[in-house]
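For reference, the structure discussed in these notes is given below.
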Amino acid sequence: MKRTELFTRTEKSIGRDIVSKNAELLTRAGYVDQLMAGVYTYMPLGLRVLRNIENIVRRHMNELGSSEVLMPALHPKAIWETTGGWDNIDVLFKIKSRTNNEYALGQSEEEVVTPLVMNRAPSYKHLPVSVYQIHWKYRDELRAKSGIMRGREFFMKDMYSFHTSQEDFDRYYQLVKNDYLNIFAELGLTAKVTEASGGSFSEKVSYEFEVLTDAGEDVVYYCEACDFCVEDEIAKVKPGDDCPRCGKGVLKEAKSAEVGNVFDLGQKYGKDFDLGYIDEHGKKQFPIMGCYGIGISRVMGVIAEKYHDEKGLVWPESVAPYRYHIVMLPDEQNRAAAQKVYDALGADNCLWDDRDEVSAGERFADADLMGCPVQIVVSRKTLEEGSVEVVSRSGKFDKFMCKLDELNMIVERSQS
(Lines give C-alpha, C1' and ligand atoms only; values in the text may rest on other atoms or scores of the structure.)
Protein backbone atom coordinates (compact mmCIF):
# COMPACT_ATOMS: atom_id res chain seq x y z
CA MET A 1 0.00 0.00 0.00
CA LYS A 2 1.28 3.44 -0.92
CA ARG A 3 0.65 6.38 1.40
CA THR A 4 -0.58 8.42 -1.56
CA GLU A 5 -3.35 5.84 -2.00
CA LEU A 6 -4.53 6.24 1.59
CA PHE A 7 -7.14 8.91 2.26
CA THR A 8 -6.23 8.87 5.96
CA ARG A 9 -3.55 10.92 7.65
CA THR A 10 -1.86 11.13 11.02
CA GLU A 11 -2.75 13.78 13.58
CA LYS A 12 -0.53 15.63 16.04
CA SER A 13 -3.37 16.21 18.47
CA ILE A 14 -6.90 14.94 19.08
CA GLY A 15 -10.04 16.05 20.92
CA ARG A 16 -10.08 16.34 24.68
CA ASP A 17 -12.89 13.79 24.96
CA ILE A 18 -10.48 11.00 23.94
CA VAL A 19 -8.68 10.08 27.14
CA SER A 20 -7.61 6.43 26.86
CA LYS A 21 -4.18 5.66 25.44
CA ASN A 22 -5.41 3.16 22.87
CA ALA A 23 -7.98 5.62 21.49
CA GLU A 24 -5.42 8.42 21.43
CA LEU A 25 -2.77 6.45 19.57
CA LEU A 26 -5.14 4.67 17.20
CA THR A 27 -6.84 7.96 16.33
CA ARG A 28 -3.62 9.94 15.88
CA ALA A 29 -2.11 7.19 13.73
CA GLY A 30 -5.19 7.04 11.50
CA TYR A 31 -6.36 3.56 12.51
CA VAL A 32 -9.79 4.50 13.86
CA ASP A 33 -12.20 7.42 13.87
CA GLN A 34 -14.71 7.98 16.65
CA LEU A 35 -18.24 8.58 15.39
CA MET A 36 -19.64 8.96 18.91
CA ALA A 37 -18.84 7.60 22.35
CA GLY A 38 -18.29 3.85 22.07
CA VAL A 39 -18.70 3.69 18.28
CA TYR A 40 -15.76 3.74 15.86
CA THR A 41 -14.99 3.53 12.18
CA TYR A 42 -12.05 1.25 11.45
CA MET A 43 -9.93 2.97 8.83
CA PRO A 44 -7.94 0.98 6.20
CA LEU A 45 -4.93 0.36 8.47
CA GLY A 46 -7.09 -0.32 11.51
CA LEU A 47 -9.23 -2.74 9.55
CA ARG A 48 -6.13 -4.68 8.53
CA VAL A 49 -5.15 -5.06 12.20
CA LEU A 50 -8.69 -6.11 13.10
CA ARG A 51 -8.71 -8.69 10.27
CA ASN A 52 -5.33 -10.07 11.32
CA ILE A 53 -6.64 -10.68 14.84
CA GLU A 54 -9.87 -12.11 13.43
CA ASN A 55 -8.02 -14.53 11.14
CA ILE A 56 -5.80 -15.83 13.94
CA VAL A 57 -8.88 -16.51 16.06
CA ARG A 58 -10.74 -18.08 13.12
CA ARG A 59 -7.86 -20.44 12.36
CA HIS A 60 -7.82 -21.71 15.94
CA MET A 61 -11.60 -22.17 16.06
CA ASN A 62 -11.50 -24.15 12.83
CA GLU A 63 -8.72 -26.31 14.22
CA LEU A 64 -10.96 -27.06 17.22
CA GLY A 65 -13.50 -28.43 14.75
CA SER A 66 -16.08 -25.70 15.29
CA SER A 67 -18.27 -24.67 12.33
CA GLU A 68 -18.44 -20.99 11.39
CA VAL A 69 -21.85 -19.38 10.89
CA LEU A 70 -23.10 -15.80 10.62
CA MET A 71 -26.17 -15.08 12.71
CA PRO A 72 -28.44 -12.01 12.57
CA ALA A 73 -27.77 -9.02 14.78
CA LEU A 74 -31.46 -8.03 14.69
CA HIS A 75 -33.54 -10.34 16.91
CA PRO A 76 -37.30 -10.58 17.44
CA LYS A 77 -38.52 -9.64 20.91
CA ALA A 78 -40.20 -13.03 21.40
CA ILE A 79 -36.99 -15.05 21.72
CA TRP A 80 -35.65 -12.69 24.39
CA GLU A 81 -38.95 -12.94 26.27
CA THR A 82 -38.64 -16.74 26.14
CA THR A 83 -35.35 -16.64 28.04
CA GLY A 84 -36.25 -13.73 30.32
CA GLY A 85 -33.57 -11.52 28.85
CA TRP A 86 -35.93 -8.84 27.51
CA ASP A 87 -36.73 -7.53 30.99
CA ASN A 88 -33.60 -8.62 32.86
CA ILE A 89 -30.63 -7.56 30.70
CA ASP A 90 -30.12 -3.84 31.14
CA VAL A 91 -27.58 -3.41 28.32
CA LEU A 92 -29.94 -4.78 25.68
CA PHE A 93 -30.67 -2.31 22.88
CA LYS A 94 -34.40 -2.38 22.12
CA ILE A 95 -35.92 -1.11 18.87
CA LYS A 96 -39.53 -0.45 17.94
CA SER A 97 -40.32 -0.53 14.23
CA ARG A 98 -42.92 1.57 12.40
CA THR A 99 -45.11 -1.57 12.36
CA ASN A 100 -45.00 -1.51 16.18
CA ASN A 101 -43.00 -4.74 16.29
CA GLU A 102 -40.15 -4.78 18.79
CA TYR A 103 -36.63 -6.10 18.28
CA ALA A 104 -33.32 -6.40 20.10
CA LEU A 105 -29.84 -5.77 18.79
CA GLY A 106 -27.79 -8.83 19.63
CA GLN A 107 -25.51 -8.44 22.64
CA SER A 108 -25.06 -12.21 22.65
CA GLU A 109 -26.51 -15.07 20.58
CA GLU A 110 -27.83 -17.75 22.95
CA GLU A 111 -31.39 -16.91 21.95
CA VAL A 112 -30.58 -17.41 18.28
CA VAL A 113 -28.11 -20.28 18.37
CA THR A 114 -30.10 -22.62 20.65
CA PRO A 115 -33.04 -23.12 18.24
CA LEU A 116 -30.63 -22.97 15.29
CA VAL A 117 -28.62 -25.96 16.52
CA MET A 118 -31.13 -27.99 18.51
CA ASN A 119 -33.68 -28.05 15.68
CA ARG A 120 -30.96 -29.92 13.80
CA ALA A 121 -29.80 -32.22 16.61
CA PRO A 122 -32.77 -34.46 17.52
CA SER A 123 -30.61 -37.34 18.85
CA TYR A 124 -27.66 -37.82 21.17
CA LYS A 125 -25.89 -39.13 18.08
CA HIS A 126 -25.79 -35.56 16.73
CA LEU A 127 -23.94 -34.22 19.78
CA PRO A 128 -21.54 -32.73 20.73
CA VAL A 129 -21.79 -29.78 18.35
CA SER A 130 -19.86 -26.51 18.29
CA VAL A 131 -20.56 -23.44 16.16
CA TYR A 132 -19.07 -19.96 16.18
CA GLN A 133 -19.37 -16.60 14.50
CA ILE A 134 -17.31 -13.40 14.25
CA HIS A 135 -19.72 -10.51 14.15
CA TRP A 136 -20.68 -7.12 15.57
CA LYS A 137 -22.35 -6.91 19.00
CA TYR A 138 -24.30 -4.08 20.61
CA ARG A 139 -24.60 -3.14 24.28
CA ASP A 140 -26.25 -0.10 25.77
CA GLU A 141 -23.34 0.88 27.99
CA LEU A 142 -24.07 3.81 30.29
CA ARG A 143 -20.47 4.99 30.07
CA ALA A 144 -18.66 3.88 26.95
CA LYS A 145 -15.03 4.54 27.72
CA SER A 146 -11.54 3.09 27.40
CA GLY A 147 -11.53 3.63 23.62
CA ILE A 148 -12.19 0.46 21.65
CA MET A 149 -11.72 -1.61 24.82
CA ARG A 150 -15.33 -0.88 25.85
CA GLY A 151 -17.78 0.15 23.18
CA ARG A 152 -21.47 0.21 22.47
CA GLU A 153 -20.67 -1.51 19.16
CA PHE A 154 -17.83 -4.04 19.12
CA PHE A 155 -16.45 -6.92 17.08
CA MET A 156 -16.49 -10.33 18.75
CA LYS A 157 -15.99 -14.02 18.24
CA ASP A 158 -18.59 -16.04 20.11
CA MET A 159 -18.71 -19.83 20.06
CA TYR A 160 -21.36 -22.13 21.47
CA SER A 161 -21.07 -25.83 22.24
CA PHE A 162 -23.78 -28.42 23.01
CA HIS A 163 -23.09 -31.56 25.06
CA THR A 164 -24.88 -34.60 26.45
CA SER A 165 -23.01 -34.54 29.78
CA GLN A 166 -21.16 -32.27 32.17
CA GLU A 167 -18.07 -34.42 31.70
CA ASP A 168 -18.09 -33.83 27.97
CA PHE A 169 -18.50 -30.07 28.49
CA ASP A 170 -15.57 -30.07 30.95
CA ARG A 171 -13.46 -31.95 28.41
CA TYR A 172 -14.26 -29.44 25.71
CA TYR A 173 -13.69 -26.49 28.03
CA GLN A 174 -10.13 -27.65 28.67
CA LEU A 175 -9.50 -27.80 24.93
CA VAL A 176 -10.85 -24.28 24.47
CA LYS A 177 -8.95 -22.97 27.50
CA ASN A 178 -5.63 -24.23 26.15
CA ASP A 179 -6.45 -22.91 22.69
CA TYR A 180 -7.36 -19.50 24.07
CA LEU A 181 -4.04 -19.24 25.85
CA ASN A 182 -2.28 -20.12 22.59
CA ILE A 183 -4.33 -17.53 20.70
CA PHE A 184 -3.45 -14.75 23.10
CA ALA A 185 0.21 -15.77 23.08
CA GLU A 186 0.19 -15.59 19.26
CA LEU A 187 -1.30 -12.10 19.57
CA GLY A 188 1.53 -11.05 21.88
CA LEU A 189 -0.53 -11.16 25.08
CA THR A 190 -0.17 -13.17 28.29
CA ALA A 191 -3.64 -13.96 29.59
CA LYS A 192 -4.53 -15.28 33.02
CA VAL A 193 -7.49 -17.64 33.43
CA THR A 194 -9.53 -15.90 36.10
CA GLU A 195 -12.48 -17.05 38.18
CA ALA A 196 -15.37 -14.59 37.89
CA SER A 197 -19.08 -14.29 38.46
CA GLY A 198 -21.26 -15.61 35.64
CA GLY A 199 -23.34 -12.42 35.69
CA SER A 200 -26.43 -12.43 33.48
CA PHE A 201 -25.13 -15.35 31.43
CA SER A 202 -24.83 -18.02 34.08
CA GLU A 203 -25.43 -18.65 37.77
CA LYS A 204 -22.24 -20.69 37.88
CA VAL A 205 -18.68 -19.43 38.23
CA SER A 206 -17.37 -18.41 34.83
CA TYR A 207 -13.82 -17.98 33.64
CA GLU A 208 -12.40 -14.85 32.11
CA PHE A 209 -9.11 -14.41 30.33
CA GLU A 210 -7.51 -11.29 31.77
CA VAL A 211 -4.42 -9.37 30.61
CA LEU A 212 -2.68 -7.33 33.30
CA THR A 213 -2.70 -3.66 32.27
CA ASP A 214 -3.16 -0.34 34.07
CA ALA A 215 -5.75 0.52 31.42
CA GLY A 216 -8.00 -2.33 32.53
CA GLU A 217 -11.33 -1.92 34.32
CA ASP A 218 -11.12 -5.11 36.38
CA VAL A 219 -9.13 -5.86 39.53
CA VAL A 220 -7.65 -9.31 40.06
CA TYR A 221 -5.57 -11.07 42.69
CA TYR A 222 -2.95 -13.33 41.16
CA CYS A 223 -0.02 -15.53 42.08
CA GLU A 224 3.31 -15.15 40.30
CA ALA A 225 4.38 -18.67 41.29
CA CYS A 226 1.46 -20.42 39.57
CA ASP A 227 -1.54 -19.66 37.36
CA PHE A 228 -4.00 -18.83 40.17
CA CYS A 229 -6.04 -15.69 39.45
CA VAL A 230 -9.40 -14.49 40.75
CA GLU A 231 -11.53 -11.35 40.38
CA ASP A 232 -11.66 -9.24 43.52
CA GLU A 233 -15.52 -9.23 43.60
CA ILE A 234 -15.83 -12.98 44.35
CA ALA A 235 -12.48 -13.50 46.02
CA LYS A 236 -12.22 -15.24 49.41
CA VAL A 237 -8.60 -14.13 49.60
CA LYS A 238 -6.85 -10.77 49.66
CA PRO A 239 -3.53 -9.33 48.50
CA GLY A 240 -0.67 -10.54 50.68
CA ASP A 241 -2.28 -13.92 51.40
CA ASP A 242 -0.46 -17.11 50.53
CA CYS A 243 -1.66 -18.58 47.26
CA PRO A 244 -4.51 -21.05 47.97
CA ARG A 245 -3.49 -23.17 44.98
CA CYS A 246 0.28 -23.63 45.22
CA GLY A 247 1.07 -22.28 48.70
CA LYS A 248 4.37 -20.95 47.43
CA GLY A 249 3.52 -17.51 46.10
CA VAL A 250 1.99 -14.42 47.70
CA LEU A 251 -1.09 -12.92 46.07
CA LYS A 252 -0.71 -9.59 44.32
CA GLU A 253 -3.33 -7.10 43.19
CA ALA A 254 -3.41 -5.69 39.65
CA LYS A 255 -5.72 -4.00 37.20
CA SER A 256 -6.59 -6.09 34.17
CA ALA A 257 -8.58 -6.10 30.95
CA GLU A 258 -10.84 -8.97 29.93
CA VAL A 259 -10.05 -10.30 26.45
CA GLY A 260 -12.02 -13.55 26.51
CA ASN A 261 -14.43 -15.60 28.59
CA VAL A 262 -16.18 -18.94 28.90
CA PHE A 263 -19.55 -19.62 30.51
CA ASP A 264 -21.05 -22.94 31.54
CA LEU A 265 -24.67 -22.22 30.59
CA GLY A 266 -25.96 -25.51 31.92
CA GLN A 267 -29.34 -26.59 30.53
CA LYS A 268 -31.04 -23.18 30.80
CA TYR A 269 -31.50 -22.35 27.13
CA GLY A 270 -32.59 -25.79 26.01
CA LYS A 271 -35.22 -25.77 28.76
CA ASP A 272 -36.30 -22.21 27.98
CA PHE A 273 -37.07 -23.18 24.38
CA ASP A 274 -38.12 -26.72 25.29
CA LEU A 275 -35.61 -27.98 22.77
CA GLY A 276 -33.80 -31.19 23.63
CA TYR A 277 -32.54 -34.44 22.16
CA ILE A 278 -33.49 -38.09 22.56
CA ASP A 279 -30.88 -40.01 24.55
CA GLU A 280 -29.78 -43.61 24.07
CA HIS A 281 -32.70 -44.78 26.25
CA GLY A 282 -35.30 -42.98 24.20
CA LYS A 283 -35.87 -40.19 26.75
CA LYS A 284 -35.84 -36.47 26.11
CA GLN A 285 -32.86 -34.63 27.60
CA PHE A 286 -31.68 -31.03 27.45
CA PRO A 287 -28.15 -30.24 26.28
CA ILE A 288 -25.48 -28.70 28.48
CA MET A 289 -24.27 -25.60 26.68
CA GLY A 290 -21.06 -23.62 26.77
CA CYS A 291 -20.43 -20.08 25.54
CA TYR A 292 -16.92 -18.90 24.61
CA GLY A 293 -16.11 -15.32 23.66
CA ILE A 294 -13.12 -13.33 22.45
CA GLY A 295 -13.47 -9.59 21.96
CA ILE A 296 -11.67 -9.00 18.65
CA SER A 297 -11.85 -5.20 18.76
CA ARG A 298 -11.17 -5.15 22.50
CA VAL A 299 -8.03 -7.25 21.95
CA MET A 300 -6.87 -4.66 19.42
CA GLY A 301 -7.26 -1.97 22.07
CA VAL A 302 -5.41 -4.02 24.69
CA ILE A 303 -2.54 -4.65 22.27
CA ALA A 304 -2.32 -0.90 21.60
CA GLU A 305 -2.23 -0.25 25.35
CA LYS A 306 0.57 -2.75 25.85
CA TYR A 307 2.66 -2.19 22.72
CA HIS A 308 3.54 1.49 22.47
CA ASP A 309 6.24 3.91 23.52
CA GLU A 310 6.63 7.67 23.64
CA LYS A 311 6.78 7.80 19.82
CA GLY A 312 3.68 5.77 19.05
CA LEU A 313 2.42 2.24 18.40
CA VAL A 314 4.73 -0.79 18.24
CA TRP A 315 2.63 -3.57 16.70
CA PRO A 316 3.53 -7.24 17.23
CA GLU A 317 4.34 -8.84 13.88
CA SER A 318 1.31 -11.15 14.03
CA VAL A 319 -1.21 -8.29 13.92
CA ALA A 320 0.65 -5.39 12.29
CA PRO A 321 -1.15 -3.82 9.29
CA TYR A 322 2.07 -4.17 7.27
CA ARG A 323 5.33 -5.81 8.22
CA TYR A 324 7.49 -3.21 6.44
CA HIS A 325 7.24 0.57 6.35
CA ILE A 326 9.35 2.05 3.55
CA VAL A 327 10.49 5.53 4.55
CA MET A 328 11.61 7.19 1.33
CA LEU A 329 13.16 10.64 1.34
CA PRO A 330 11.80 12.40 -1.79
CA ASP A 331 14.18 12.14 -4.73
CA GLU A 332 13.88 10.45 -8.13
CA GLN A 333 16.80 8.15 -7.42
CA ASN A 334 15.34 7.27 -4.02
CA ARG A 335 11.94 6.62 -5.60
CA ALA A 336 13.40 4.11 -8.06
CA ALA A 337 15.18 2.28 -5.23
CA ALA A 338 12.06 2.32 -3.03
CA GLN A 339 10.03 0.89 -5.92
CA LYS A 340 12.52 -1.96 -6.15
CA VAL A 341 12.15 -2.69 -2.44
CA TYR A 342 8.35 -2.44 -2.68
CA ASP A 343 8.23 -4.86 -5.61
CA ALA A 344 10.63 -7.30 -3.99
CA LEU A 345 8.88 -7.48 -0.62
CA GLY A 346 5.34 -7.28 -2.01
CA ALA A 347 2.65 -4.63 -1.88
CA ASP A 348 0.66 -6.64 0.67
CA ASN A 349 3.63 -6.61 3.07
CA CYS A 350 4.70 -2.99 2.68
CA LEU A 351 3.43 0.46 3.53
CA TRP A 352 5.42 2.84 1.29
CA ASP A 353 5.59 6.51 2.20
CA ASP A 354 5.79 7.71 -1.40
CA ARG A 355 4.61 11.28 -0.70
CA ASP A 356 6.61 14.11 -2.26
CA GLU A 357 5.69 17.14 -0.19
CA VAL A 358 6.44 15.79 3.31
CA SER A 359 9.63 16.54 5.28
CA ALA A 360 12.02 13.82 6.41
CA GLY A 361 11.19 14.52 10.05
CA GLU A 362 7.48 14.07 9.46
CA ARG A 363 8.05 10.82 7.59
CA PHE A 364 10.08 9.32 10.43
CA ALA A 365 7.59 10.58 13.03
CA ASP A 366 4.70 9.02 11.10
CA ALA A 367 6.53 5.72 10.76
CA ASP A 368 7.14 5.60 14.51
CA LEU A 369 3.56 6.60 15.31
CA MET A 370 2.03 4.01 12.96
CA GLY A 371 4.18 1.26 14.43
CA CYS A 372 4.92 -1.25 11.64
CA PRO A 373 7.56 -3.72 12.89
CA VAL A 374 10.34 -2.99 10.33
CA GLN A 375 11.28 0.38 8.85
CA ILE A 376 13.27 0.49 5.62
CA VAL A 377 14.95 3.84 5.03
CA VAL A 378 15.78 4.86 1.46
CA SER A 379 17.89 8.04 1.10
CA ARG A 380 20.78 9.44 -0.88
CA LYS A 381 23.07 8.55 2.00
CA THR A 382 22.07 4.87 2.02
CA LEU A 383 22.17 4.66 -1.77
CA GLU A 384 25.78 5.89 -1.86
CA GLU A 385 26.56 2.34 -0.81
CA GLY A 386 23.85 0.84 -2.99
CA SER A 387 21.91 -0.05 0.16
CA VAL A 388 18.91 0.70 2.32
CA GLU A 389 18.86 0.94 6.12
CA VAL A 390 16.71 -1.55 8.02
CA VAL A 391 15.46 -0.60 11.50
CA SER A 392 13.40 -2.56 14.02
CA ARG A 393 10.60 -0.45 15.50
CA SER A 394 10.68 -2.51 18.71
CA GLY A 395 14.46 -2.90 18.93
CA LYS A 396 14.15 -6.62 18.25
CA PHE A 397 17.32 -6.47 16.15
CA ASP A 398 20.12 -3.98 15.58
CA LYS A 399 19.70 -1.78 12.52
CA PHE A 400 21.70 -2.86 9.49
CA MET A 401 22.42 -1.94 5.89
CA CYS A 402 21.11 -4.16 3.11
CA LYS A 403 22.28 -4.10 -0.51
CA LEU A 404 19.58 -3.54 -3.11
CA ASP A 405 20.55 -6.75 -4.85
CA GLU A 406 20.27 -8.74 -1.58
CA LEU A 407 16.83 -7.67 -0.39
CA ASN A 408 15.95 -11.19 0.75
CA MET A 409 18.35 -10.46 3.62
CA ILE A 410 15.72 -8.10 5.07
CA VAL A 411 13.26 -10.94 5.46
CA GLU A 412 15.85 -13.38 6.78
CA ARG A 413 17.47 -11.10 9.33
CA SER A 414 14.31 -9.40 10.57
CA GLN A 415 12.57 -12.74 11.18
CA SER A 416 15.49 -14.46 12.90
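The values are calculated or read from the model by the stated rules, or taken from the named source; none is laboratory data. Bear in mind the structure is a predicted one, so any value in this text is a computation, not a measurement. Because the Cβ atoms are built from the backbone with ideal geometry, glycine has one as well, and the counts that use them run over all protein chains shown.
Test K252 against the criterion of being surrounded by fewer than 20 Cβ atoms within 10 Å (Cβ to Cβ), farther than 30 Å from Q166 by Cα and free of Cβ contacts under 8 Å to residues at least 40 places away in the same chain, and give yes or no.
Against the criterion (surrounded by fewer than 20 Cβ atoms within 10 Å (Cβ to Cβ), farther than 30 Å from Q166 by Cα and free of Cβ contacts under 8 Å to residues at least 40 places away in the same chain), K252 qualifies.
Please note which strands (runs of 3 or more DSSP E) are completely contained in region 220-326 and include at least 3 residues that are within 30 Å of L116 (Cβ to Cβ) and of a type in the set (G, A, S).
Strands (runs of 3 or more DSSP E) meeting the threshold: 288-295.
For residues that are within 16 Å of G290 (Cα to Cα) and not in a helix (DSSP H, G or I), scanning just region 102-116, find the one that is nearest to the chain's Cα centre (by Cα).
Per the stated criteria, the residue is S108.
May I ask you to list the residues in region 70-96 that are in contact (Cβ under 8 Å) with a residue 12 or more places away in the chain and assigned to a helix (DSSP H, G or I)?
K77, I79, W80, T82, T83, G85, W86, N88, listed by residue number.
For every residue, the table says whether it meets (1) outside any strand (DSSP E or B); (2) surrounded by 15 or more Cβ atoms within 10 Å (Cβ to Cβ); (3) touching a helix residue (DSSP H, G or I) at 6+ places or on another chain (Cβ under 9 Å); (4) not hydroxyl-bearing (S, T, Y).
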site: A365; (1), (2), (3), (4): yes, yes, no, yes
site: D368; (1), (2), (3), (4): yes, yes, no, yes
site: V377; (1), (2), (3), (4): no, yes, yes, yes
site: K381; (1), (2), (3), (4): yes, no, no, yes
site: E385; (1), (2), (3), (4): yes, no, no, yes
site: G395; (1), (2), (3), (4): yes, no, no, yes
site: C402; (1), (2), (3), (4): no, yes, yes, yes
site: E412; (1), (2), (3), (4): yes, no, no, yes
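Among L92, L142, L187, which is under 30 Å from E317 (Cα atoms) and among the hydrophobic types (A, V, I, L, M, F, W, C)?
Testing whether each residue is under 30 Å from E317 (Cα atoms) and among the hydrophobic types (A, V, I, L, M, F, W, C) leaves just L187.
Check N349 against each of (1) at pLDDT 95 or above; (2) surrounded by fewer than 21 Cβ atoms within 10 Å (Cβ to Cβ); (3) more than 29 Å from the chain's Cα centre (by Cα) and name the one condition it does not meet.
Only one criterion is unmet by N349, namely (3).
Under 9 Å by Cβ, and 6 or more places apart or on different chains, what pairs join a residue from region 178-189 that is free of Cβ contacts under 8 Å to residues at least 12 places away in the same chain with one that is crowded, with 16+ Cβ neighbours inside 10 Å?
A185/A191
Would you mind telling me which numbered condition in (1) closer than 21 Å to E305 by Cβ; (2) modelled with pLDDT under 95; (3) touching a helix residue (DSSP H, G or I) at 6+ places or on another chain (Cβ under 8 Å) L212 fails?
Answer for L212: the failing condition is (3).
Scan Y277, Y222, Y269 and give me the residue that is closer than 21 Å to Y132 by Cα, of a type in the set (F, W, Y) and touching a Phe, Trp or Tyr at 6+ places or on another chain (Cβ under 7 Å).
Y277
Only residues that are touching a strand residue (DSSP E or B) at 6+ places or on another chain (Cβ under 8 Å) and part of a helix (DSSP H, G or I): list them for region 158-181, please.
Once the filter is applied, which keeps residues that are touching a strand residue (DSSP E or B) at 6+ places or on another chain (Cβ under 8 Å) and part of a helix (DSSP H, G or I), region 158-181 yields Q166, D168, F169, Y172, Y173, V176, K177, Y180, L181.
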